[in-house]
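**Q** Here's a structure for you.
Coordinate-derived values only; no laboratory data. In this text, all values refer to a predicted model and were calculated from it rather than measured experimentally. All Cβ positions, glycine included, derive from the backbone under ideal geometry; neighbour counts span all protein chains shown.
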Amino acid sequence: MSWFSVSRFGAVLYKEFIQMRRDRMTFAMMIGIPILQLVMFGYIINSDPHHLPTLIEMADESPVARAVLSGMETSDYFKFEGIVTSAEEGDQALRDGTANFVVVIPPNFERDIVRGLSPKLLVSADASDPTAVGTAVGALSGIIDTAVKQTFQGPLAPVAGQPPPFSVVVHKQFNPASKTSLNIVPGLIAVILAMTMVLITAIAIVRETERGTMETLIATPVRPLEVMLGKILPYVVIGYIQTVVFLIAGKLLFGVPFLGSGLAFFIGFNLYIVVNLALGFLISTLVRTQMQAMQASFMTILPTILLSGFMFPYAGMPGWAQVIGSAIPATHFLRIVRKVMLKGAHLADITGDLRAIAIIGVVIMLISMLRYRQTLD
Amino acid sequence: MSTTPADSVSDRSEPAIVVKGLTKIYNGKKVVNEVDMSVPKGAIYGFIGPNGSGKTTTIRMMCALLTPDGGEGHTLGYDIHKDARAIKENVGYMTQKFSLYGDLTIRENLDFMARMYRVKNRKKVVDETLRTLGLEGRGKQLAGTLSGGWKQRLALAACMQHKPALLLLDEPTAGVDPKARRDFWDEIRQLSKQGVTVLVSTHYMDEAVQCDYIAYIAYGKKLIDGPATEIPHQVGLTTWRVSGPDLVQLEEELRADPRVEQVARFGAQLHVSSTDSAGLDAVVAEKSGENDARKWEKKEAELEEVFIYLMATAADNFGVNGGPSA
Ligand SMILES: Nc1ncnc2c1ncn2[C@@H]1O[C@H](COP(=O)(O)OP(=O)(O)OP(=O)(O)O)[C@@H](O)[C@H]1O
Ligand SMILES: [Mg+2]
C-alpha cells in the first residue's frame, strides 16, 4: 500500500475545485472583500508610535552633539540602538528593518555652530511605515532646539539666540511622501490573505463534517495528507488571485510601487499562503460546525491585525506583545512585503523572515496532521 | 496496491466479520453493549432493531470508522483496531444518511468515489454504474437535487463500484419504492451468490425475511441472532390464526388483553401472538367459546410474525425515557 495516492489526491483536488466554482457567492466575496478592505484601510488608518529603533553615525563627539542625542532619546519617540560607522551600514540597517532612523552628526558640528556656519544634521528615516516615522520626524526640530538652548548657556548664549544655529535635514527613504497608504497596502495583503485563507479552508473542511459527507470520505481509504493537500491547493489559487487584485488595485488607487525582487516576493508569498491554509486546516480539526470555524478563524485574525505590526509599529509594542507577534505568520510576511515592495529588498534581505514563517508552518502542520481524525470519534 | 482479502483470509470458512464484546460508550451510556456477532462469508446478514438501538454505531465500528471502547473484532480478517486502512480498501459502506456531495453531479460523485478506491477503467465503470442505475441521461444532474429514493440508490451504487468483498449497508432501502427495492434485493442475492458478504440493517419486515441470518439488537444489546429459519424458535413466539366474522371487533378485544402481545392482520386472518404460550392459549379458549363461527388454528410462528413482533418494540431505545442505563 502506498502512503500517498496521486489518484485520490487528484480526486479531492478536483472535487474541491468543482465545489468552489459552484459556490458563486463565496467566490465573489473572496475577490470582493479584499478590494473593499483595501479602500477602507488605505484611507483611514493612522497611529502615534514611540521608542523607534535609531542608530547614530557620530562624526562629532562634542557636548552639543550629545545634548541633541539625549534630547531625542528623552522625547520617547526614539530609542538609540547603537553606533554605525559608515553610511552603507546605516542604509543596510534601514533596509533590513533593524532601525527606523539613522542620525548623522557631521564632523565639526559644534565648531561650525559657534562659527555660525549652520551645519546640517542629517536624519535618515525609513518612511515605508509613515505612521511610525511621521510623528517622530515632526517632533524632531522642537527636540533639537531645546537641546541646543540648554547647551549654549552662559558666554555662548548669544549663539543659541540667533536664528537657526544649524539645520536638520530629514531624508525620508522608501516612501518620501509619507503616504500611509503606501504602507497600508502591503500590510493589507498580509492581513487579508490570512483572513480569507484561514477562514475558507476551515469552513471547507468543517462543511464536510456538518453535511455528513465526512463519513463517506473517511470510510474510503483516503489518507489525511491527500485530503489536506487536495483541499488546500484550490485555495492557494484564490490567494494568487487576491494578491494580483491587490497589487493592481494598490498601484492604481494609491500608486504603491513594487521596487524589489519579484522572486523574493513570490517565495515569501507562497510560503505564507501555505502556512495560513494549514492553520485553517488545523482549526477545522478542532471545531464541529461552520459557525465555530468562523469564530475560531476570527480569533486568529485579531492578533494578526493588532500584533503583527500592521496596525501599530512592531518596534513600538511592549515586549510581551512582540513575543506573541513573532509567532504570527503575518508579522514576518508583512516585513517581507514592505521590504520587497517599498524598500527594493532581494531574497538575501528576507531570509530571516522566510525562516520564521517556515518554522511556524511546520509546527502548525505537524499539529494538524496529528489532530486530523480518521474516525468519527 | 490494494490488498485483496484473499491475502489474509485464506480459509473460506472463516467469517467475514467476527466481533466479541464490542462496546461503544457515549456520555457514559453503553449504546453498544458487549455485542458478539459472526457474519459468515457470502451470507446476507440482516441487522434489525428499533431506532436508537445501536445498529449504525455497531456497523461503524465494524468498518473502522469508530474506535470501540471495548471488545475486539476482525473484518475480512483484518483487526478493527489496527488495520483500518485495509478494511476501508475492501469494504463498501453505505451510510444511513445520504453522504455524497449534493453540489457535485451524479457522475462527478460516482467518479470521485471510483477514484478514492482507485478503480481500474474508471470511466467504463462509472458509465456502467450509471447505466445499471438507469441514470445515463441524468449524469449531469446535481446529486442534491435527486429525490430521496434516488439518492439512496445512487449512494448504494457508489459504494459498490470497487467490487468490495463485504458490503455494509445501513438502511439502504429507506424511502425507496417497492419496485426499486425488489431490484435491489435481486442484486444483493446475485452478489451473495458470487461470494460477496452483505450486512444490511433494515426496518422492513419483508426485507428481513430475505436474509440468511438475522441479528436483533435493542438497547445496544444483541438479543437474538442466528440463521433466519431458527429465529422463530429462539424468540419462542406462539401464534394462533383466526378467521371468521367480526374480526375488527375481535382484534380490538385481543389488543386490550395483556396476555396478547401482538395482533396482526394477514388478509382475512388475524395472527395472534405472544411469548406467553399458556396465557395465549387461555385467551383463545375464552374467545373461541364466545363465537363458534370463527375458526382458530395454532401454528408455530413464522418469520414474518416474529419480525413484526421484534420490530413492534420500535420505541426509540435511548430516547427521552432512556433505556436501561449501562
Ligand atoms: N456521536 C454520538 N454522540 C452521542 N451519542 C450518539 C452518537 N452517535 C450515536 N449516539 C447514540 O447512540 C445510540 C445508538 O445510535 P445508533 O445510531 O447506532 O442507532 P440505530 O440503531 O442506528 O438507530 P436508527 O434505527 O434510528 O438508525 C443512540 O441513542 C444515539 O443517540
Ligand atoms: Mg442507524
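**Q** Please report, in debye to the nearest 20, how large the charge dipole of the protein assembly as shown is about its Cα centre when each Lys and Arg carries +1 at its beta carbon and each Asp and Glu carries -1 there.
**A** I would put it at about 1840 debye.
**Q** Of B:K222/B:K299; B:K55/B:K299; B:K24/B:K222, which sit over 24 Å apart, Cα to Cα? Provide the component values of the computation, followed by the final result.
**A** Numbers: B:K222/B:K299 27 Å; B:K55/B:K299 31 Å; B:K24/B:K222 13 Å.
Those over the limit are B:K222/B:K299; B:K55/B:K299.
**Q** Let me ask something else about it. Kyte-Doolittle cut-off 0.0, length cut-off 27 Å along the helix's own axis using Cα: show which whole DSSP H helices in chain A pass. Write out the running numbers ahead of the final one.
**A** Numbers: long enough: A:24-44 (30 Å, 1.54); A:130-151 (31 Å, 0.70); A:180-211 (44 Å, 1.40); A:224-254 (43 Å, 1.57); A:262-286 (36 Å, 1.94); A:351-371 (30 Å, 1.66).
The qualifying helices are A:24-44, A:130-151, A:180-211, A:224-254, A:262-286, A:351-371.
**Q** Which value, to two decimals, describes the C-alpha radius of gyration of the stretch A:180-376 once divided by 2.2 N^0.38 Å?
**A** On the way: Rg = 17.3 Å, N = 197, 2.2 N^0.38 = 16.4 Å.
Compared with the compact-globule rule of thumb, the stretch A:180-376 sits at 1.05.
**Q** Next question, about the same structure. Quickly work out the B:E286-to-B:E14 label distance, labels modelled 7 Å from Cα along the C-beta direction, and quote it in nm with one decimal.
**A** 5.7
**Q** Projected onto the charge dipole of chain B (+1 at Lys/Arg Cβ, -1 at Asp/Glu Cβ, origin at the Cα centre), which of B:A268, B:A256, B:I217 gives the Cα projection farthest towards the positive end?
**A** The residue sitting most towards the positive pole is B:I217.
**Q** Related question: Within the stretch A:73-115, list the residues whose amide N lies under 13 Å from a label point set 7 Å along Cα→Cβ of A:Q150.
**A** Residues A:73-76 qualify, since their backbone N sits under 13 Å from the label point.
**Q** Something else about it: Can you sort B:D79, B:D292 from fewest to most other Cβ atoms within 10 Å of each residue's own Cβ? Mind dumping the intermediate values first?
**A** Values: B:D79 15, B:D292 8.
Sorted ascending by nearby Cβ count, the order is B:D292, B:D79.
**Q** Moving on to the next point. Using just the Cα positions, wrap the protein assembly as shown in a convex hull and report its mean projected area in square nanometres, one decimal place. Don't skip to the end; give the middle numbers.
**A** On the way: hull surface 163.3 nm².
Across all orientations, the protein assembly as shown yields a mean hull projection of 40.8 nm².
**Q** Same structure, new question: May I ask you to derive the FRET efficiency for A:R111 and A:Q322 from their Cβ-Cβ distance with R0 = 30 Å, giving the value to the nearest 0.05? Show your work: numbers first, answer last.
**A** On the way: r = 42 Å, r/R0 = 1.38.
Calculated transfer efficiency: 0.10.
**Q** At 7 Å along Cα-to-Cβ for each site, give me the label-to-label distance between B:E187 and A:M291 in nm.
**A** Once both label points are built, they end up 3.8 nm from each other.
**Q** Also, quick follow-up: In the calculated pair distance distribution of the stretch B:238-300, what percentage of Cα-Cα distances lie above 13 Å? Mind dumping the intermediate values first?
**A** On the way: 1077 of 1953 pairs.
Within the stretch B:238-300, distances greater than 13 Å cover 55 percent of Cα pairs.
**Q** Please give the FRET efficiency for A:T85 paired with A:I33, using the beta carbon to beta carbon distance and R0 = 45 Å, rounded to the nearest 0.05.
**A** Numbers: r = 48 Å, r/R0 = 1.07.
The value I calculate is 0.40.
**Q** Please list, or write none, the aspartates and glutamates whose alpha carbon is within less than 20 Å of the alpha carbon of B:K287, excluding same-chain residues fewer than 8 places away.
**A** B:D246, B:E251, B:E252, B:E253, B:D257, B:E261, B:D276, B:E297, B:E300
**Q** Taking θ as phi - 60°, what are the ³J(HN,Hα) couplings along the stretch B:132-137 by the Karplus curve (6.51, -1.76, 1.60), each to the nearest whole Hz, with x for Gly and Pro?
**A** Once rounded to whole Hz, the list reads 4, 6, x, 10, 3, x.
**Q** Separate question: What does the helix-only formula give at 222 nm for chain B: each DSSP H stretch with n ≥ 4 adding -39500 (n - 2.57), the total divided by the residues, and the result rounded to the nearest 500 deg cm²/dmol? Walk me through the numbers on the way to the answer.
**A** Working: 12 runs with 111 residues, N = 326.
It comes out at -9500 deg cm²/dmol, rounded to the nearest 500.
**Q** Once the Cα atoms of helix B:178-193 and of chain B are each reduced to a long axis, what angle between those two axes, in degrees from 0 to 90 to the nearest 10, is obtained?
**A** 70
**Q** With contacts defined as alpha carbon pairs under 8 Å and 6 or more residues apart, what's the relative contact order of the stretch B:5-232 in percent?
**A** On the way: 453 pairs, mean separation 63.1, N = 228.
Result for the stretch B:5-232 is 28 percent.
**Q** Please give the contour-minus-distance gain from A:R22 to A:V363: 0.36 nm per residue of separation, less the Cα-Cα distance, rounded to one decimal in nm. Present the calculation step by step, with values, prior to reporting the outcome.
**A** On the way: separation 341, 0.36 × 341 = 122.76 nm, distance 3.32 nm.
Between A:R22 and A:V363, full extension yields 119.4 nm more.
**Q** Separate question: Using the Karplus curve 6.51 cos²θ - 1.76 cosθ + 1.60 with θ = phi - 60°, work out ³J(HN,Hα) for each residue of the stretch B:146-162 in order, rounded to whole Hz, and write x for Gly and Pro.
**A** 6, 6, x, x, 5, 4, 4, 5, 5, 4, 4, 4, 5, 8, 10, 4, 8
**Q** Let me ask something else about it. Please list the equivalent ellipsoid semi-axes of chain B, computed as the square roots of five times the alpha-carbon gyration tensor eigenvalues, in descending order and whole angstrom. If you can, show how the numbers build up before the last one.
**A** Working: eigenvalues 320, 112, 63 Å².
With the √(5λ) rule applied to chain B, the semi-axes are 40, 24, 18 Å.
**Q** Okay, helix-only estimate at 222 nm for chain A: each DSSP H run of n ≥ 4 adds -39500 (n - 2.57), divide by all residues, round to 500 deg cm²/dmol; what do you get?
**A** Working: 15 runs with 250 residues, N = 377.
Rounded to the nearest 500, it is -22000 deg cm²/dmol.
**Q** Okay, moving on. Cα to Cα, under 19 Å, and not fewer than 8 places away if on the same chain: which lysines meet these conditions relative to A:K231?
**A** Candidates past the 8-residue exclusion: A:K15.
**Q** Here is a further query. Given points 7 Å out from each Cα along the Cα-Cβ axis, report the B:I25 to B:K179 separation in nanometres with one decimal.
**A** Reported label-point gap for B:I25 and B:K179 is 5.1 nm.
**Q** Taking H as built 1.01 Å from N, whose amide H comes closer than 5 Å to the amide H of A:F78, not counting residues under 5 places away?
**A** Long-range HN contacts for A:F78: A:H51, A:L52.
**Q** Rounded to the nearest whole Å³, what is the per residue volume of the convex hull around the Cα atoms of chain A? Could the numbers behind the result be given before it?
**A** On the way: hull volume 52.1 nm³, N = 377.
Expressed per residue, the convex hull around the Cα atoms of chain A is 138 Å³.
**Q** OK, next. Would you mind pulling out the separation of the Cα centroids of the stretch A:303-377 and the stretch B:115-180, in Å?
**A** 46
**Q** Non-local amide H neighbours of B:R259 (under 5 Å, H modeled in plane, Pro and chain starts lacking H): which ones?
**A** none
**Q** Let me ask another. Can you give the Kirkwood hydrodynamic radius of the stretch B:178-326 from its Cα pairs, in Å with one decimal? Could the numbers behind the result be given before it?
**A** On the way: mean 1/r = 0.0578 Å⁻¹.
For the stretch B:178-326, the Kirkwood estimate is 17.3 Å.
**Q** Report, ordered by chain and residue number, the lysines lying within cross-link reach of A:K251, taken as a straight Cα distance under 18 Å and ignoring same-chain residues fewer than 8 apart.
**A** Result set, ordered by chain and number: A:K179, A:K339, A:K343.
**Q** Quick one: if the Förster radius is 30 Å, what FRET efficiency do A:V236 and B:T145 give, using the C-beta to C-beta distance and rounding to 0.05?
**A** The calculated FRET efficiency here is 0.50.
**Q** Amide H of A:V168 versus every other amide H placed in the peptide plane: which residues, excluding those fewer than 5 positions away on the same chain, fall under 5 Å?
**A** So A:V168 has HN proximity to A:L121.
**Q** Quick one: divide the alpha-carbon radius of gyration of the stretch A:249-348 by 2.2 N^0.38 Å and tell me what you get.
**A** Working: Rg = 15.5 Å, N = 100, 2.2 N^0.38 = 12.7 Å.
Normalised Rg, Cα atoms only: 1.22.
**Q** In debye, nearest 20, what is the charge dipole magnitude of the stretch A:180-376 about its Cα centre with +1 on Lys and Arg Cβ and -1 on Asp and Glu Cβ, if you could check? Please list the in-between numbers first.
**A** Details: 13 positive and 6 negative charges, 21 e Å.
The calculation lands at about 100 debye.
**Q** Charges at C-beta only: +1 for Lys and Arg, -1 for Asp and Glu. How large is the resulting dipole of the stretch A:52-173 about its Cα centre, in Debye rounded to 20?
**A** Numbers: 8 positive and 15 negative charges, 98 e Å.
Computed about the Cα centre, the dipole is about 480 debye.
**Q** Still on this structure, please answer the following. Rank the residues A:V275, A:V287 as a footprinting-exposure proxy: fewest other Cβ atoms within 10 Å of their Cβ go first.
**A** Placing the least packed residue first, the sequence is A:V287, A:V275.
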